[in-house]
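Data block below; observations after.
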Amino acid sequence: MTGPHGMTCEEVDSLAGLAALDALEPTEAVEVRDHLQDCPKAHAALAELAPLATALATAVPPEDAPAGLRERTLAAIATTAQIPDAAIGGETGSEVSAGKRPAAGPQPVVAQPAQDERPADGGGSWFSRHRWALGGVAAALAIVLVAVGVGNQLQRAADTEARLTVLRWAIVAASDPTSNVAVLDGSGVAEGASGFAVFPADRDGYIVVGKLPEIPDGQTYQAWYLSDGVPTSAGLIVLSDDGLGILTDLDPAAGTDTIALTVEALPGAGQPTSTPVVVGELATATAMMAPA
Amino acid sequence: MAAVEASSPTLEALADEELLSRAADGAQEVMAILFDRYQGSMYALALRISRDPALAQDAVQDAFLGIWRNASRFDAERASARSWMLAIAHHRAVDAVRRRRPVASLDTAASSLPLALIVPDIWTEVRQRLDAAEVREALGRIPQVQREAIELAYFGGLTQREIAGHTDTPIGTVKSRVRLGLLALRAELEAARQATIAGDPAADVLGSDGQT
């Protein structure tokens, strides 16, 4: 697929080597992904070169890691929630879509639906039961492509072109290592939705989520800042016709480590009343947070 | 914790792909086995990339956490478990190095999982284990400028812009060197593999009477 804003097939193929070695710049990675999702051509070049990265890794003779790493790693795993099968969907995920893996056996650790559960003071049962361990989250500049924008510009920019421009700008802003960023993944009713939350160090942040399904009148998507399982409302998502949800001018509560979206009755709730349908952990570009 | 103790013999006999499948179902105990199998390769790779034991250990830990968290996303039809896990480890190591390096705003690694694995792995020969010497020999046989570009991209974690600056070449040249270099590397590896299959352990792929 070609076009004024998309990469051409030739450009994608020319980047096949760098893509195979995971050496693309963030904006290039976005554009290649965007192209692959829509392009009917196989772009075999990328597939053919990918195994060579494994070959290069193999060229380095193994060396045992120092004692202690095994125990630390397994301990961290023990407190880390898995991304549930249901959250994997849509080609737009920032993480690799696993394709058609049947959900066999018991579901992974996370989130049982809790429809009527009202959170106790200080933290919903879902939220406090499944505290996300944050160790090991790489800089979450997962540029997931959703045509969006930032700030008031976006909400006024009805036309797609302007939104794409603002998206590119947002990607650059999100590449700032001093920003806190969360990759957002949808599950349940919002399976296939994905986006990100960006909180630059020096100005208001925003949340952008694409492919959010329509919900009935009288309901809304509400965003939450979670701090160690304790939720604070971030506001209501403005949902456009094309499934794009936006919330801007954000200043997260101190200690926020996770962003979540739930479906609530208008005009919004004081506390989440159900399991989040979109979630993402915040990570900084610098410090790694220790496992919970 | 049980996972730290010796694993049962039955689990240890399972292939990586099966272990990942079980991990996706929440079987935490398989992570100890995967750790033991891959920590050496991952640590060596991360050390080569970062030249920093502390950073390398963090990268290995991050990688296994990522593997655990994302086990549901592994699709055996798209990549071998080995490729998938090593790619994650590589990504974490490059990520750590890029963040350590004073960066211009566009340099930081984008996503938690590498782009390359979105497309299926169709080169089945690589599913067989290539040994380190074989790959190094093949690397030694490709043109030097291509090898250099590949090494800077893969082991240096540099983007094409950075490689261009580092080697004083135009960006277009960098991406073509990487691509052609990888194609050449693959050809060398395939030739070496063919020579082995043909039963000639002393086969030297260098030189003219090349097998193709």
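The values are calculated or read from the model by the stated rules, or taken from the named source; none is laboratory data. Everything numeric here is computed off the predicted structure, so don't read it as measured data. For neighbour counting, all protein chains shown are included, and Cβ atoms are generated from backbone atoms with ideal geometry for every residue, glycine included. All accessible areas refer to the heavy atoms of the entire protein, side chains included, with ligands and DNA or RNA removed. Shrake-Rupley method; radii C 1.70, N 1.55, O 1.52, S 1.80 Å.
For the condition away from chain B (no Cβ under 14 Å), at pLDDT 85 or above, touching a Leu at 6+ places or on another chain (Cβ under 7 Å) and open to solvent by 20 Å² or more (accessible area, probe 1.4 Å), A:Gln219 qualifies. The set of residues from the range B:54-73 being more than 7 Å from chain A (Cβ to nearest Cβ) and open to solvent by 10 Å² or more (accessible area, probe 1.4 Å) comprises B:Ala54, B:Leu55. For the range B:176-187, a tally of residues being crowded, with 19+ Cβ neighbours inside 10 Å and at pLDDT below 95 returns 1. If you go through the range A:276-292 and keep only what is in a loop (DSSP other than H, G, I, E, B), open to solvent by less than 30 Å² (accessible area, probe 1.4 Å) and modelled with pLDDT under 90, you end up with just A:Ala285.
Quick grid of which residues meet (1) out of contact with any helix residue (DSSP H, G or I) (no Cβ under 8 Å at 6 or more places or on another chain); (2) crowded, with 23+ Cβ neighbours inside 10 Å; (3) not in a helix (DSSP H, G or I):
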{"residue": "A:Arg33", "(1), (2), (3)": "no, yes, no"}
{"residue": "A:Gln37", "(1), (2), (3)": "yes, no, no"}
{"residue": "A:Ala42", "(1), (2), (3)": "yes, no, yes"}
{"residue": "A:Ala45", "(1), (2), (3)": "no, no, no"}
{"residue": "A:Glu48", "(1), (2), (3)": "no, no, no"}
{"residue": "A:Leu52", "(1), (2), (3)": "no, yes, no"}
{"residue": "A:Ala57", "(1), (2), (3)": "no, yes, no"}
{"residue": "A:Val60", "(1), (2), (3)": "no, no, yes"}
{"residue": "A:Glu63", "(1), (2), (3)": "no, no, yes"}
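One residue stands out in the range B:27-53 among those that are touching a residue at least 40 places away in the same chain (Cβ under 8 Å), touching a helix residue (DSSP H, G or I) at 6+ places or on another chain (Cβ under 7 Å) and of a type outside the set (S, T, N, Q): the one that is surrounded by the fewest Cβ atoms within 10 Å (Cβ to Cβ), namely B:Leu34. None of A:Val198, A:Val208, A:Val183, A:Val238 is open to solvent by 20 Å² or more (accessible area, probe 1.4 Å) and not acidic (Asp, Glu) except A:Val238. Residues in the range A:241-275 that are open to solvent by less than 30 Å² (accessible area, probe 1.4 Å), in contact with an Asp or Glu (Cβ under 9 Å, 6 or more places away or on another chain) and part of a strand (DSSP E or B): 4 in all. Residue pairs whose Cβ atoms lie under 7 Å apart, separated by 6 or more positions or on different chains, with the first residue in the range A:23-35 and over 21 Å from B:His90 (Cβ atoms) and the second open to solvent by 10 Å² or more (accessible area, probe 1.4 Å) and hydrophobic (A, V, I, L, M, F, W, C), are A:Glu31/A:Met7; A:Asp34/A:Leu145; A:His35/A:Met1; A:His35/A:Met7.
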